[in-house]
Structure formats: C-alpha cells, structure tokens
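**Student:** I have a structure here, written as structure tokens, and I will follow up with some questions on it.
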Amino acid sequence: MEIIKKTKKLLKEKPNMLDYEKTRRAFSWKKAEKELGWFSPGHINAAYNAVDKHIKTWRKNKVALYWEGDDKRKEYSFLDLYTLSNKFANVLKKLGIKKGDRVFLFLPRVPQLYIAFLGILKTGAIAGTMFSAFGPAGIQDRLGDSEAVAVVTTKELKKRIYKVKKDLPKLKYIIVVDEETKKRGEVNYKKEMMTADENFKICKTKATDHAFMLYTSGTTGKPKGVMHIHRAIVQEHMTMKLVLDIKDKDVYWCTADPGWVTGVAYGILGSWSNGASTVVYSGRFNPEKWYSIIEKYHVTVWYTAPTAVRMLMASNGKLVKKYDLSSLRHIASVGEPLNPEPIRWSLKTFGIPFHDNWWQTEAGGIMIANYPCMDIRLGSMGKPVPGVEAAIIDEKGRKLSAGKEGILAIKPGWPSMMQTIWKNKKKYNSYFLGKWYISGDRAYKDKDGYFWFVARDDDVIKTSGERVGPFEVESALVEHPAVVEAGVIGKPDPIRGEIIKAFVKLKKGVRPSERLKKELSNFVKKHLAGHAYPREIEFVDKLPKTRSGKIVRRVLKAKELGEKIGDTSSLMEY
Ligand code: ATP
Ligand code: MG
C-alpha cells in the first residue's frame, strides 16, 4: 500500500482539525449546531447563515465573491450579497412567490445565480438548480416534475424554455437577468432590482423546511428530484471547516457548477457560512485559464473533480511551470474515484497531494474524506466525517468485517441527509435497508478504518466468478504513460460471464495500434491482477461524461450492446 505521510513540510498550515480520532470521539451535531446562527429555537435559514450573519461582524466588507467571466471580473462583499439577495427576495415577494414554491435557476455561473439562490431561500421558497447546458427535454423534465412557478434565466437560454413552455402549465414567471427592456410576459430582473427595497424580513424557516432541490444525473430512468432542507447547512459548514480546512485568510475556489450539489453545498452554503472569500470562474475548462486563476487570486484552498485533474495532467507539462501556484495549500477532489496517479502528480506538481472525498447528491454534504491531519492511503476515500457512521453491509443489512466488499451504507440522521425524493416516496423508501441508508455504491473498509471505493453497484463486473470494480482497472490503465483516461465495463461473454473491456483515450500524439492494445493489457495484468485485465480495448477520442464530469459507464455498455441509453439530459458527451 502506498501512503503519503503528513509531514510538517506537506502541511503548509496548522489544520483546523489536529487529530481525527480525538475530534470524532468528542463530536456531536448538537455541539456543531451551536456554531451556526439560529433564530428562535429550532429555526434556521440557510441563506441567513451563509450571508446575513456576517453583516454584524468584521466580515461585512470582506470579499465574498471574486467573479471572473471570460472578459469581465467583479467583486462582491458579504454586504453586497446581503443587499442584493434581499432585493431579489423582494422581487419574488412582489410576484407572490411564497414559502414552499419552487423557483428554478437556469443560468450560467453569473453573479445573479448566486444572488438569486440566496434570495429564493430568504423567501422560504425552494431553489432548484439546473446546468445551463440542458436542452428543452431536460428542462421540461425538471420544471414539469417540480411544478416550478418561476425560472430565472438569460435571454439566450430562455429560448429553450419557450420551446417547452406550453407543456409547463404551472410555470408563471420567466425572470430574465440580462434583458435591457421589459419583454411581454416576462419579468425584467434589472428593472425590478433597481426599485426593489434593500430590506427584507427573512423567512424564519424550520430546520426541516425544504430549501433546495437537485435532479441527479447518472442512471437510467427519469432524473429524480432530491430535496434538501435548511438544516443541511450545519453539515456543509462543519465539513467545510474540518475537511476543506477553510480559514478566514483563505481564498477558496470550488470549480463545481451549482447545477451539481457540490456547487451548492461548497460553492454557496458551507463556504460562505464559514465566511470564505470564494472564486467563481464562469467559463469553460481550460488548463491555462485555470492555472492563471490560481495565480491571479492566490487561491489557497481548491476543491475540484478527478476529471479536471486528469485533464490538467494530460495538458502540456511545460504549461504548469509558467505559473506561480505556490499559494495552494490544501486541495481536494470529489465526484468519482480519484486514481492514485493524479495524487502523485499533484504532489510532484504543487508540492501537496489531492485529498479525495466521497458523498452523493442525496447525502447533501461530505460523508467520507481524507483530512489534512491524516495520512493518505492512495486510492482510499478516507474515513467518515465526525458525526457520520458508515459501514459495509451485506444484502440483509448485516455489517461485514474489515476487508470484505459490500454495500456502502450510512446510519441515517446526519443533518444534510435528503428529506425526500420529490413526489416519489417509493423511490425515497428504496434507499433504506433496515437501519441503514444504502448508497448504491460498493466498497470495503480496511482494518484501520479507511474506506475504499469499489464501484457503483450497477458497474461491478463479474468475470470468471470474480467481482471486479472498473475503477481499479481504470486506475491501472491511467498509470501507463500513453493513457489520459479510461472507462471500463463488463461485456457479456458465454464462457466467462463477462469479460473486461476498456475504452481508452490516448495522450496527444500517441498512435493507436494493435501492439499498444497488447501492451496495455499486459500492463494491467502485471500491475493489477492476472484475471482483472482488459481482454478487449477500444481507443476513443472521448468518454461519455455527466455534466459534472463523471465517466458514465452505463452509456459505454449500452452502446457496446446496442441497447437504448436511457435518460441523457445530464450527459455532456455520449
Ligand atoms: P444518479 O444517482 O442519478 O445515478 P449520480 O450518482 O452520478 O447520479 P451524484 O449524486 O452526483 O450523482 O454522484 C454520487 C456518486 O458519485 C456516488 O454515489 C459515487 O458513485 C460517485 N462518487 C462521488 N465521489 C466519489 C469518490 N470520492 N470516490 C468514488 N466515487 C465517488
Ligand atoms: Mg447516485
């Protein structure tokens, strides 16, 4: 096992959490709640916590948002966000939006997205986020299922809403943020904001009142509306502090779009609740631009996804040397398994390792993580966050012992747990087995309590009587110098049940050949295991991915077998 020891040199700052085991033993959510500002007993509003509470402190004029567009940049203090979100809440109030109404955001990462999100929460309405890349069908699914009464959008994006508007009888308001003149049947954001009052009496929501919802990506069938409550911010706040190690002097960059839960929990709520100066870059991924943002804003804490790290790795190695990235002190990743190779690369390139952590839309906050104070076992997701109990169980809900692979399960009751699946109680109930919440992922726990991801339940490959997780095969493949990324599936085989097939994206300039296929197969055989190597390899230009950047193996499989792909609204490339 490869371990990265947390020496003094690696820790550029004394972490917020000095001793994981000790903190875990002393931890309780009750104590954690004390840190957050609550209204009269039991009442909390996540937007109050993220922004309003800072207005009474020295953070009032601290920069909350460094926003960078393609050719523009802007700064917003906590006071600015407070005032603007109050104004937007008043705009909604004037329209008659009330507690519990669904208001959706269909916006690129413009400042108005953040302002509107907070404003919606202040009214007690429920904010729904959507990636700006959705087409009409994806929009209709989400606005239709949630019965949204309003959607906030741009003049470019609204065209797609109009394509399906006749099928959305509940949608009353289209609020357009960048229109200069008022259009019939629409709400003009600029105009309304100009005259809206700066004071707003924030809705004193109960801790368990609905706050925001997200439709998750991935699987077949229609996307499901995962509903979160205001109390979620308790966990988002604590993990921001203990896992992402945020401190007041940090400049923090979360690269996730709020269309994905990470962009909400750690790009709005948990981050601002801690008073973090946060960078938002609204443009597309581009290695040069990304490095320049770290350099320009002196980013210290960076939270991103494996797909981005792999793409940075694949870009020209000389590029990274052009930038001064020495401000970085803590870096973390989420979304899919983080292969060991990118961790080694980051250690070499930035002098610090990426810290993998695991959670899901339904979880609402980080569940299992690597911490600044804890040695990293490469390939492991780390240990459960203080206050969270995770276990590996079998199909009957019985705990399995160390080293045994099974269902990754969590003891229900953590603060950011989803409250329901919108209008689908049956689906919600299917997440529970006995006293456990079941994640749909398979994993094992080693004897020291580290958790290791094996696969999504539906991605596990059964070959010659063995169960193989695609992740370990993919990790072995990306260690080969010719490979950028790989997606691995089980392909039905009359003799072996399934054989392992790998779809491989090669580095720029590498020529695909039969010889290379053989070499890669042998490489995995040697590095991983005799039985777990790909018997078939196909070179591809790109892999199918979700908009949050995850490889979607079910699409590779469906294509391979000539089957229907299922819901594709959350996919970027397929
Ligand atoms: P759907 O539930 O609709 O299929 P999804 O599971 O892809 O969509 P998310 O909730 O965004 O949508 O993703 C959570 C999943 O992502 C986890 O269940 C896990 O499979 C994967 N994942 C996230 N972080 C990690 C990680 N650090 N290591 C391994 N897998 C991860
Ligand atoms: Mg899932």
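**Student:** For region 77-203, report the accessible area per residue in Å² (1.4 Å probe, heavy atoms, rounded to an integer).
**Tutor:** On the way: 5120 Å² over 127 residues.
Value for region 77-203: 40 Å² per residue.
**Student:** Same structure again: How far apart, in nm, are the 7 Å Cα→Cβ label points at Lys348 and Ala402?
**Tutor:** Output for this residue pair reads 3.2 nm.
**Student:** Name the residue from Leu506, Ala529, Gly469 whose Cα lies farthest towards the positive end of the charge dipole of region 459-573, charges +1 on Cβ of Lys and Arg and -1 on Cβ of Asp and Glu.
**Tutor:** Leu506
**Student:** Using Cα positions and a limit of under 16 Å, work out the lysines in reach of Lys518, with same-chain residues fewer than 8 apart set aside.
**Tutor:** Partners found: Lys501, Lys505, Lys526.
**Student:** Sticking with this one: Relative to the present Cα-Cα distance, how much length would full extension add between Lys9 and Glu514 at 0.36 nm per residue of separation?
**Tutor:** Gain on stretching Lys9 to Glu514: 177.3 nm.
**Student:** A follow-up question, please. So for the pair Trp58, Lys542, with labels modelled 7 Å out along Cα→Cβ, what separation do we get in nm?
**Tutor:** Placing both labels 7 Å beyond Cα along the Cβ direction yields 4.8 nm.
**Student:** As an exercise, use a Förster radius of 41 Å and the Cβ-Cβ distance of Arg535 and Glu295 to find the FRET efficiency, rounded to the nearest 0.05.
**Tutor:** With R0 = 41 Å, the Cβ-Cβ based efficiency is 0.35.
**Student:** Out of the total accessible area of the chain (probe 1.4 Å, heavy atoms of protein only), what percent is carbon and sulfur?
**Tutor:** Of all accessible area on the chain, carbon and sulfur atoms account for 51 percent.
**Student:** In addition: Looking at the chain only, what percent of DSSP beta bridges run antiparallel? Nearest 5 please.
**Tutor:** Taking every DSSP beta bridge with both residues in the chain, the antiparallel ones total about 60 percent.
**Student:** Shifting gears a bit: Rounded to the nearest 500 deg cm²/dmol, what is the calculated helix-only ellipticity per residue at 222 nm for the chain, with -39500 (n - 2.57) per DSSP H run of length n ≥ 4?
**Tutor:** Result for the chain, helices only: -8000 deg cm²/dmol.
**Student:** Another question, if that's okay. Taking square-rooted eigenvalues a ≥ b ≥ c of the alpha carbon gyration tensor, is region 1-138 rounded, prolate or oblate, where a/c under 1.5 means rounded and, failing that, a/b exceeding b/c means prolate?
**Tutor:** Taking the square roots of the gyration eigenvalues as a ≥ b ≥ c, region 1-138 is prolate.
**Student:** Here is a further query. Take the Cβ-Cβ distance between Ser464 and Lys321 as r, set R0 to 60 Å, and report the resulting FRET efficiency rounded to the nearest 0.05.
**Tutor:** 0.85
**Student:** A further question follows. Taking a 32 Å limit on the Cα-Cα distance, which of the listed pairs Lys74/Lys170; Lys427/Lys559; Lys241/Lys559 fall beyond it?
**Tutor:** Lys74/Lys170; Lys241/Lys559
**Student:** Peptides 407-415, 8-16, 206-214: what's the order by average Cβ count within 10 Å, highest mean first?
**Tutor:** 206-214, 407-415, 8-16
**Student:** Related question: Classify region 170-298 as rounded, prolate or oblate, taking a ≥ b ≥ c as the square roots of the eigenvalues of its Cα gyration tensor: rounded when a/c is under 1.5, otherwise prolate if a/b is larger than b/c and oblate if not.
**Tutor:** It is rounded, given that a/c, with a ≥ b ≥ c, falls under 1.5.
**Student:** Right, something else. With the Cα gyration tensor of region 77-203 giving a ≥ b ≥ c as the square roots of its eigenvalues, does the rule (a/c under 1.5 for rounded; else a/b larger than b/c for prolate; else oblate) give rounded, prolate or oblate?
**Tutor:** prolate
**Student:** Assuming R0 = 56 Å, can you tell me the calculated FRET efficiency for the pair Ala26 and Glu180, based on Cβ-Cβ distance, to the nearest 0.05?
**Tutor:** Once the sixth-power term is evaluated, E becomes 0.50.
The values are calculated or read from the model by the stated rules, or taken from the named source; none is laboratory data. Because the structure is a prediction, the values reported are computed rather than measured. Note that we place each Cβ from the backbone using ideal geometry, even for glycine, and neighbour counts take in every protein chain shown. What goes into the accessible areas is simple: the full protein's heavy atoms, side chains included, and nothing from ligands, DNA or RNA. Shrake-Rupley method; radii C 1.70, N 1.55, O 1.52, S 1.80 Å.
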